1. Mind listing the long-range amide H neighbours of ASP391? Cut-off is under 5 Å, sequence gap 5 or more, other chains count too, H placed in the peptide plane at 1.01 Å from N.
2. Looking at region 373-423 from every direction and averaging, what is the projected area of its Cα convex hull in nm²?
3. Calculate the FRET efficiency for ALA422 and LYS217 from the Cβ-Cβ distance with a Förster distance of 51 Å, rounded to the nearest 0.05.
4. For region 129-259, just list the percent of Cα-Cα distances falling in each 5 Å bin from zero outward, please.
5. How large is ³J(HN,Hα), in whole Hz, for each residue of region 132-141 in order, when computed from phi with the Karplus curve 6.51 cos²θ - 1.76 cosθ + 1.60 and θ = phi - 60°, using x for Gly and Pro?
6. What residues qualify as long-range amide H neighbours of HIS273, i.e. H under 5 Å apart, gap of 5 or more or another chain, H built at 1.01 Å from N?
7. Take the residue pairs LYS208/LYS263; LYS208/LYS310; LYS142/LYS274; LYS201/LYS257; LYS50/LYS413; LYS142/LYS217 and return only those whose Cα atoms are more than 26 Å apart.
8. Before I look further, what does region 137-227 give for accessible area per residue, probe 1.4 Å, in whole square angstrom?
Amino acid sequence: INKTWTHITETCLESDESYEGVSEASFKDALMHSSSQKNNGSVPQENGIKKHRTSLPAPMFSRNTVSVWSILKKCIGLELSKITMPIVFNEPLSFLQRITEYMEHTYLITRACSLSDSIERMQAVAAFAVSAVASQWDRTGKPFNPLLGETYELTREEQGFRLISEQVSHHPPISAFHAENLAGDFVFHGSIYPRLKFWGKSVEAEPKGTITLEILKHNEAYTWSNPYCCVHNIILGKLWIEQYGTVEIVNHSTGDKCVLNFKPCGMFGKELHKVEGYIQDKSKKKRCVIYGKWTECMWSVDPQAYETHKKLEKKGDNKKQKNEELEGAENEDADEMPEVQETVSVIPGSTLLWRIDSRPAHSSVMYNFTNFAMSLNELEPGMEAILAPTDCRFRPDIRAMENGNMDEASREKERLEEKQRASRKERAKNDEEWSTRWFQMGTNPYTGSQDWIYTGGYFSRNYQDLPNIY
């Protein structure tokens, strides 16, 4: 995770093998998005909008019969880098598909592009940054660790973007992605490599990697990193997720900054899922306060109105505190999930920035997927002739798990890992270095740090000499 047990295991809980070691290119291949490609892989339409599947072929299997403790008991306090987990703890998506879920609320970027005021643009970008991690709510299954050289593409004409991602390193595991607006309004890119630690009852993902959003119309670039994510009760009790830490979004063009505090739940759970922060301009003047929950919605309000509301709220809280302190008790067996408090209390004068979409009714038996996630591994008619052979829709272990065939999925996962090990040994024997295809290591021009930059060309559909990874 940064994402959850998802990023969470994504990155590290997966394999016992050792791993391998924006620019103008964004639109070099834009013209290759031809009408023939648009027609290929078409799916049923409703009012001119493509319809995507809204459920998986089979429901998930129960995880109750598998003991995680037998696997993790030797790992307390260590980074989880070479631990093999039973496939029953996976969800039928690759981590490359999981990070594609950042794009579910792309309309927020489109809104930012249309706004003339930089503070209002920052509000929309901040809402997008929160929405990008909202899909982790209750997603306690881990995505499959991508194989080195694995790719994933997604084009959503109705949302106005296309995305390409590639697993560019396997030790440490690094997933690079690049998304661009079909009309040329924005570019969104980054590389994700979370570090995971097991703490006895929980697994914590430390976010690594910078996310960059370029709004080309306004010649602006925003950068940020995701919050920490923790999955509780790995050993015993009901799994639950919290995200915490400070997310700082910087507009490198104007000097505006947004600071968001993802709050840990606290002793009585009052802060569970809460996000609070503010936007300041380059003179460090607070221009607005942003608040809400990453599982529900985000609002913006004038700083003075916020402070007045908080003072009144504090008076009421002090009366309850003594009673709650007497009731508080520590549970040695499991970290009980705090009772979810009432929905966000809206301060008068607030403006709604974002509200989460409801999940489908059958989500709980399908890995708690959102509607967007349900469609990510769909192999639409005509796709096989277009996609790169390294696309994770072709991964047989994920496909078997999605279809409910857990034995086949487990066999295929082991086969793919052994195939990858053999390929690595062969390269070492021949003194060959792995070469990435669509991204190269470079410098992020806004942060000055190392980053994986898209080199262009993927959508020209020249897929000769791609590795046979499946």
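The values are calculated or read from the model by the stated rules, or taken from the named source; none is laboratory data. Computed from a predicted model, the values in this text were never measured in an experiment. With ideal geometry, Cβ positions are generated from the backbone for all residues, glycine too; neighbour counts draw on all protein chains shown. Calculation scope for accessible area: heavy atoms of the full protein, side chains included, ligands and nucleic acids excluded. Shrake-Rupley method; radii C 1.70, N 1.55, O 1.52, S 1.80 Å.
1. Amide H to amide H, under 5 Å and 5 or more residues apart or across chains, ASP391 pairs with THR151.
2. The Cα convex hull of region 373-423, projected and averaged over all directions, gives 4.2 nm².
3. 0.55
4. Spelled out bin by bin, region 129-259 gives 2, 9, 15, 19, 20, 17, 10, 5, 2, 1, 0 percent.
5. 5, 9, 5, 5, 6, 4, 6, 8, 8, x
6. Close amide H contacts, sequence-distant or interchain: GLN243.
7. LYS208/LYS310; LYS201/LYS257; LYS50/LYS413; LYS142/LYS217
8. 24 Å²
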